[in-house]
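Trainee: Following this message is one structure expressed as structure tokens.
The values are calculated or read from the model by the stated rules, or taken from the named source; none is laboratory data. These numbers were taken from a predicted model, which means no experiment stands behind them. Please note: Cβ atoms are built from the backbone with ideal geometry, for glycine as well, and neighbour counts cover all protein chains shown. For accessibility, only protein heavy atoms count, side chains too; no ligands or nucleic acids. Shrake-Rupley method; radii C 1.70, N 1.55, O 1.52, S 1.80 Å.
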Amino acid sequence: MIDLASGTEIKRFSTHRYPEQVALSRDGRRVYVSNILPHLGSYDQPPVSELLALDATKQVVAERILIPGAIELRHIAEAPAQLGGYLLVPLVRPKNLGPLIRVSQGWVLTHGMAVVRPALHEPVGEAESKVTEVLLDDIDYYFAGNDGVAFTPDGRRVIITSAEANVVSIFDTAKLARRLQQVPAEELADRLDSALTFVVARLATGHNPTAVVVSPDGLRAYVANRLDDSLTVVDLAHLKVASTIDLGGPKCITPMRRGEQLFFSAKYCFQGQFACGTCHPNSHLDGLAWNLETPQLGRDRVANRTLRGIRDTAPYKWNGRNPDLATQCGPRIAKFLFRSEGFNTQELEALLTYINNIPLAPNRHLAPDGQYTEAQERGKAIFYRRHTNDGRVIPVQSRCETCHPAETHYTNRISTEVGSATKYDTSGLLDTPQLDRVYEDAPYLHNGEALTLEEIWTVFNNYDTHGITSDMSKEQLNDMIEFLKTL
Amino acid sequence: MKSTAKKTLLAVIVLLATTGFAWAQKPHLITRWENYTTASGMPDAKVFCVTVDGSRVWAGTEDGLVLIENGKVAKVFKPEDGLPHRAVMGIAVDKNTGDLWIATFGGVSHFSGGHFENFKNLTSGLLNDICYGIAVVDQYVWVTTTAGVSRYNTYTGEWTNWSEKNAPFHEPWSYGVAPAGDKIYFAIWGGGLLEYDVKGNYWKPYTDPDEEMEMVLFRNQGLVHIIVSNVAWNPDTKMVWASTYFGLSGYDGRNWHNYLTKDSGLASDFINAPKSRRNEVWACTDKGLSMLDYPTNTWVSYRPSQQKGQGEIEITWPNGKKEKLATPTALAHNYILNMDFQGEDIWVATAQGLSHGIREPQKEAQLYANARNHRSPGDLAPSHSQKGD
């Protein structure tokens with residue numbers, strides 16, 4: 001919270017991971033914040049996401065509204081008071097616990113919105129808002145990447161963008177209300193026959209429509225096409241595209257931009273079910289562990305991996321089997337993931353150009369001048385230590401720097417066993433992950449079982465198979481983690 | 001020089017005048033008690049701590065966290081609701097965000113917007129899961145644990161730990177924490193009082209100068225005893241108060257002021273926690289709740305009387321004379337663990353329930369009017385704690 005007069009920070013609230021959008025309620029009493037990544041939680045439970053509600057008058061946290069079974073909350077739109085002032089928040093419902101081979105049957109990732117009826121009275125310490133989830137997909141075609149959402153001023157219509165389908169959907173709020181009445185809330189989240197009862201139009205936009213606003217007279221909607229540098233103008237009276245406004249972006253599309261468009265496009269997937277960006281929001285990860293390729297339920301579950309700064313970190317995948325990105329993203333993707341023809345040669349090249357150039361985020365834990373704090377300095381010494389606290393020499397193959405050398409993004413690019421495999425893993429031989437910006441990659445380890453950096457050693461390194469850490473004091477471990485956060 | 005002397009003289013006169021007024025006044029009394037017990041919905045009789053947040057009162061019990069609102073138990077939170085452990089030892093309110101930070105015997109919990117986020121030794125940098133005291137200062141959460149002190153930076157996620165390994169801890173058992181502006185005080189069981197200088201990032205220990213477990217050889221020359229159970233800071237007088245199992249100690253930055261049952265109105269030398277504001281110093285003892293009106297050296301102690309249901313107020317006047325008054329209601333129990341202020345009222349954590357102590361000016365006047373043993377202004381305190389050095 002910032003004081004505009006002085007430009008200084010007044011206070012800071014903790015959101016969840018990747019706070020995405022902020023919205024002030026119409027009466028000015030609440031501020032809502034959506035989050036892209038879900039809470040860190042048990043691997044065998046569906047994810048839970050969070051919509052933070054702040055009390056704008058008292059300037060305190062009012063409620064953390066939990067959205068079960070969902071990830072990637074985006075824009076927040078509030079219905080006019082006469083409709084009850086509910087909120088609409090676009091979301092994704094991932095079915096990461098089941099094997100991914102079911103793409104041809106649908107249901108791997110569905111796309112919809114949360115209908116949130118906020119509890120506006122003083123909360124008694126317990127979350128009380130009511131949340132219903134409704135899907136916006138059709139039975140035979142999906143609308144991936146729901147992102148922007150806006151009501152018309154009279155509240156009769158809602159315009160919602162599907163950023164990975166390059167579509168805006170327009171629906172009738174009275175019909176939505178009827179649907180919500182007719183089908184029990186616990187069923188709605190898994191019904192693909194909802195959208196046809198209230199969607200009145202689906203219109204094509206440019207690439208990656210992320211945000212939408214409606215003019216005060218309710219006649220026009222303006223859609224921002226992020227990867228086209230253009231606006232799509234929608235005529236709301238006739239439910240058609242009126243025009244496209246070119247914002248003067250480059251006329252010639254570079255392979256880099258083409259690649260990004262492809263990355264955030266679901267049309268290469270069977271029935272448009274999802275894009276690369278659905279599981280890799282912000283070209284990063286979704287915070288989930290997936291049952292990707294095996295037909296066996298629960299075996300070889302793998303945590304998602306970041307795509308930021310991965311150019312020189314081959315081989316890829318946790319099992320280290322993919323020698324390069326072309327293999328990782330090429331025909332395999334088409335066959336296993338998308339169940340479709342996939343990308344042609346040119347498209348694949350563009351996609352690779354993009355993936356090879358996804359930058360690392362600036363480091364939040366490192367001072368601008370690169371100067372270490374005392375704890376980071378001490379932690380560095382521990383990362384590079386060659387002797388245990390009682391003076392024993394740490395064998396070369398057990399030193400952090402051997403497997404995680406600084407010169408090559410803190411990975412020696414070799415697969416090794418560090419005792420982290422469980423009975424559900426076919427092999428214990430795992431790719432040594434790069435550690436650049438590792439602080440934003442939770443959950444950790446190949447199966448995502450370590451929810452925090454600490455747990456990698458406190459819970460999953462009981463036998464000193466992953467570096468020698470059992471002699472460390474709590475202070476030393478904390479220092480080492482402070483150092484890891486600077487990488 | 002001249003002007004300094006003048007100023008000093010003036011200060012003395014002002015001081016005399018104000019103390020003169022102060023001791024002429026009788027201390028305020030709590031005249032009514034409303035108790036919350038298992039019968040009124042508390043999950044457990046034993047209440048370890050209580051923290052007031054405006055009209056809300058949070059209590060930590062042996063079996064869960066309790067929210068009291070509008071005069072009743074509004075909500076009980078247990079491990080099945082997300083609390084990391086059933087024994088809740090400390091509760092702190094982050095005034096900035098409205099969030100609660102909770103110290104339990106199973107780690108620390110951040111209760112925000114209806115959701116518990118837990119930090120344990122295995123899942124975070126927390127030093128130990130047995131946590132007693134907790135305090136929020138700006139972006140930092142301070143936790144006292146059985147193995148030392150942990151500090152969590154809510155902005156960066158950094159944990160910093162202090163114990164005998166890297167700070168002057170005689171013993172690691174850290175019980176209480178009291179933020180005091182640029183300093184933070186810690187009650188160390190068996191290790192005295194520790195002072196942390198926030199800006200300078202250094203530690204200073206205060207221990208019992210005679211190092212005698214059961215005896216106080218040098219009165220007012222230091223902490224009364226090194227078994228310090230808790231600590232409080234008075235923002236008005238800028239004094240820090242330490243409760244020990246062998247008396248009460250206050251420190252004003254220069255001098256120590258020690259109080260023992262034998263020569264004060266303190267209900268017992270076994271004290272679980274102090275609290276202090278304005279002119280008041282409260283001591284939560286195993287034999288009742290005592291309040292020292294510091295400028296007049298008048299003591300008021302509260303405990304349930306032998307007569308069922310009735311409360312007893314014992315006033316110890318500066319001249320040592322004692323006077324007993326009766327109230328129709330009483331503290332839930334005489335074993336007091338902690339307390340907090342709510343306006344003129346107080347909330348008291350006892351071994352048999354939570355007590356809401358209410359001031360009623362009319363009743364107070366009546367009680368004083370009925371009391372025969374009036375103190376005359378002439379009897380000023382020879383027994384006030386002596387100055388050190």
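Trainee: For the pair A:ASP229 and A:ASP464, how long in nm is the line joining their label points, each one 7 Å along Cα→Cβ?
Mentor: Inter-label distance under the simple model: 5.9 nm.
Trainee: Now, a different point. Could you derive backbone 3J(HN,Hα) for the range B:352-363 from the dihedral phi with the Karplus parameters 6.51, -1.76 and 1.60 (θ = phi - 60°), listing whole Hz in sequence and x where the residue is Gly or Pro?
Mentor: 10, x, 9, 10, 9, x, 10, 8, 10, x, 5, 4
Trainee: Can you give me the long-range amide H partners of A:GLY448? Hydrogens built in the peptide plane at 1.01 Å from N, cutoff under 5 Å, separation of 5 or more residues or another chain.
Mentor: For A:GLY448, whose amide H was placed from the backbone, the distant partners under 5 Å are A:ALA303.
Trainee: Could you give the spread of the C-alpha atoms of chain A along their three principal axes, from largest to smallest, in whole angstroms?
Mentor: That gives 77, 55, 46 Å along the principal axes, largest extent first.
Trainee: Still on this model: Leaving out ligands and nucleic acids, and using a 1.4 Å probe, what accessible area per residue does the range A:255-355 come to in Å²?
Mentor: Working: 4120 Å² over 101 residues.
It amounts to 41 Å² per residue over the range A:255-355.
Trainee: Further question: Explain nothing, just the number: relative contact order of chain A, from Cα pairs under 8 Å at least 6 residues apart, as a whole percent.
Mentor: 10 percent
Trainee: Can you show me the helix-derived [θ] at 222 nm for the protein assembly as shown, built from DSSP H runs with n ≥ 4 at -39,500 (n - 2.57) apiece and divided by the number of residues, rounded to the nearest 500.
Mentor: -3500 deg cm²/dmol
Trainee: Set the Förster radius R0 to 25 Å, insert the Cβ-Cβ distance between B:GLN306 and B:ALA369 as r into 1/(1 + (r/R0)^6), and round the FRET efficiency to 0.05.
Mentor: Efficiency, from the Cβ-Cβ distance: 0.50.
Trainee: Please report the buried accessible area for the interface of B with A, total over both chains, probe 1.4 Å, in Å² to the nearest 100.
Mentor: Its buried surface, counting both partners, is about 2500 Å².
Trainee: Moving to a separate point now. For chain A, build the charge dipole from Cβ charges (+1 Lys, Arg; -1 Asp, Glu) around the Cα centre, then report which of A:PRO359, A:LEU487, A:LEU203 sits farthest towards its positive end.
Mentor: A:LEU203
Trainee: Also, quick follow-up: Calculate one ³J(HN,Hα) per residue across the range A:273-285 by plugging θ = phi - 60° into the Karplus curve 6.51 cos²θ - 1.76 cosθ + 1.60, and present them in order as whole Hz with x for glycine and proline.
Mentor: 5, 6, 10, 4, x, 5, 8, 10, x, 6, 6, 10, 9
Trainee: Measure nothing but the geometry: give the 0 to 90° angle between the long axis through the Cα atoms of A:474-484 and the longest principal axis through the Cα atoms of chain A, rounded to 10°.
Mentor: Long axis of A:474-484 versus the principal axis of chain A: about 60 degrees.
Trainee: Identify, among A:CYS269, A:ALA303, A:ILE65, the residue whose Cα sits farthest towards the positive end of the charge dipole of the protein assembly as shown, taking +1 on the Cβ of Lys and Arg and -1 on the Cβ of Asp and Glu, with the dipole about the Cα centre.
Mentor: Result: A:ILE65.
Trainee: Also, quick follow-up: Using a simple charge model, +1 on the beta-carbon of Lys and Arg, -1 on the beta-carbon of Asp and Glu, nothing else, what dipole does the protein assembly as shown show about its Cα centre, in debye to the nearest 20? Don't skip to the answer; put the middle values down first.
Mentor: Details: 86 positive and 100 negative charges, 245 e Å.
It comes to approximately 1180 debye.
Trainee: Using θ = phi - 60° and the Karplus relation 6.51 cos²θ - 1.76 cosθ + 1.60, list the HN-Hα couplings for the range A:425-436 in order, rounded to whole Hz, with x at every Gly or Pro.
Mentor: After applying 6.51 cos²θ - 1.76 cosθ + 1.60, I find 9, 5, 9, x, 6, 10, 4, 7, x, 5, 10, 4 Hz.
Trainee: I would also like to ask the following. Roughly how many Å² is the accessible area per residue of the range A:390-478, as a whole number, for a 1.4 Å probe?
Mentor: 45 Å²
Trainee: Using unit Cβ charges (K, R positive; D, E negative) and no other charged atoms, how large, in debye to the nearest 20, is the dipole of the range A:374-484 about its Cα centre?
Mentor: Value, rounded to 20: 340 debye.
Trainee: Right, another one. Run the dipole for chain A about the Cα centre, Lys and Arg Cβ at +1, Asp and Glu Cβ at -1, nothing else charged, and hand back the magnitude in debye, nearest 20.
Mentor: The dipole of chain A has a size of about 680 debye.
Trainee: Would you mind checking the range A:175-215 for residues with the amide N under 12 Å from a putative spin-label position 7 Å along Cα→C-beta of A:ALA242?
Mentor: Of the residues in the range A:175-215, A:214-215 have backbone N under 12 Å from the label point off A:ALA242.
Trainee: Output the relative contact order of chain B, whole-number percent, from Cα pairs under 8 angstrom with separation of 6+ residues.
Mentor: Value for chain B: 14 percent.
Trainee: Using Cα atoms only, what is the angle between the long axis of helix A:173-182 and the major principal axis of chain A, expressed in degrees (0 to 90) to the nearest 10?
Mentor: So the helix axis and the longest Cα principal axis differ by about 70 degrees.
Trainee: How much solvent-accessible surface does B:GLU164 expose, in Å² to the nearest 10, with a 1.4 Å probe and all protein chains in place?
Mentor: My reading of the accessible area for B:GLU164 is about 100 Å².
Trainee: How much of the accessible area of the protein assembly as shown, probe 1.4 Å, is carbon plus sulfur, in whole percent? All intermediate terms of the calculation are to be shown ahead of the outcome.
Mentor: On the way: 20130 of 37130 Å².
Carbon and sulfur together cover 54 percent of it.
Trainee: Continuing with this model, one more query. Please list A:ASP286, A:ASP229 in order of solvent-accessible area, largest first, computed with a 1.4 Å probe with all protein chains present.
Mentor: A:ASP229, A:ASP286
Trainee: Put +1 on the Cβ of each Lys and Arg and -1 on the Cβ of each Asp and Glu in chain A; which of A:CYS279, A:VAL158, A:ILE36 then has its Cα farthest toward the positive end of the dipole?
Mentor: A:VAL158
Trainee: Hey, can you list the residues from the range A:471-487 whose accessible area shrinks by 30 Å² or more with all protein chains present, relative to the chain by itself (probe 1.4 Å, no ligands or nucleic acids)?
Mentor: A:LYS474, A:GLU475, A:ASN478, A:GLU482
Trainee: Using the Cβ atoms and a cut-off under 13 Å, what net charge is assigned to the surroundings of B:THR51, where Lys and Arg are +1 and Asp and Glu are -1?
Mentor: Once all neighbours under 13 Å are counted, the net charge is -1.
Trainee: List, by residue number, every residue in the range A:45-92 with a reduction of 30 Å² or greater in accessible area between the chain on its own and the complete protein assembly, 1.4 Å probe.
Mentor: A:VAL60, A:VAL61, A:ARG64
Trainee: How large is the accessible surface of B:GLU69 in square angstrom, using a 1.4 angstrom probe and rounding to the nearest 10?
Mentor: 30 Å²
Trainee: Counting only protein heavy atoms, probe 1.4 Å: which residues of the range B:75-109 lose 30 Å² or more of accessible surface in the full assembly compared with their chain by itself?
Mentor: Buried on complex formation: B:LYS75, B:ASN96, B:THR97.
Trainee: Largest first, what is the accessible-area ranking of A:CYS252, A:CYS403 with a 1.4 Å probe? Before the final figure, lay out the partial values.
Mentor: Numbers: A:CYS252 105, A:CYS403 25 Å².
So, going from the largest accessible area down, we get A:CYS252, A:CYS403.
Trainee: Is the shape of chain B rounded, prolate or oblate, going by the alpha carbon gyration tensor and its root eigenvalues a ≥ b ≥ c, with a/c under 1.5 for rounded and a/b larger than b/c for prolate?
Mentor: oblate
Trainee: Using modelled backbone amide H atoms (1.01 Å from N, in-plane), which distant-in-sequence or interchain residues come within less than 5 Å of B:ASN297's amide H?
Mentor: none
Trainee: Between rounded, prolate and oblate, where does the range A:374-484 land on the alpha carbon gyration tensor, with a ≥ b ≥ c its root eigenvalues, rounded for a/c under 1.5, else prolate if a/b exceeds b/c?
Mentor: rounded
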